[in-house]
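No value in this document is a laboratory result; all are computed from the given coordinates. Treat the numbers as computed from the prediction; the structure is a model and nothing was measured. FYI the Cβ positions are ideal-geometry reconstructions off the backbone, even for glycines, and counts take in every protein chain you see.
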Amino acid sequence: MIKQHERLILRICALYTGCCRSELCDLYQDAVCAMWESFDSFRHDSKPSTWIYSVTRYTMLNIVRKRRLEVRTLQEGDDIVADSGDSDLLDELRDAVALLQPDERDVFVMWMEGFKIDEIAQIANLNYGTVATRITRIKTKLKDYLKSQQGGKL
């Protein structure tokens, strides 16, 4: 199950810590250890990816708090989130997502990862309507930011 969701775990580690690839291995191991320790809490009433996202997210938040790291955008060359051949627009989108508030970023990243609104609500402990509203507002905020970066060319 962990191997199947390895990329998701690495994305979450990178998102919350902004670490380079060399440190991502350690963070990945921390997340996997947390999953191992809390596997008894997995009730199988949600998808494994939902549980993995939750455990990894809370593990990274605890690490960030513990280390007092600032969440920052990934530096060029350290990016594991997107495939090679990224466009400038994708780079600008990453920068825009990094500027979101942490609760907005959580919701947006889960939505982009393909989680359904009800799954996001469950993970974030929010109401369905709150999540749907946040997604709409976040998309508007990101679109406005990208327009300002493109000089209104979008």
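Report, in listed order, any pair from LYS3/LYS143; LYS116/LYS141; LYS116/LYS139; LYS3/LYS139; LYS116/LYS143 with a Cα-Cα distance greater than 26 Å.
From the list (LYS3/LYS143; LYS116/LYS141; LYS116/LYS139; LYS3/LYS139; LYS116/LYS143), the Cα-Cα distance tops 26 Å for LYS3/LYS143; LYS3/LYS139.
Counting Lys and Arg as +1 and Asp and Glu as -1, what is the net charge of the other residues whose Cβ lies under 14 Å from the Cβ of MET1?
Result for the neighbourhood of MET1: +2.
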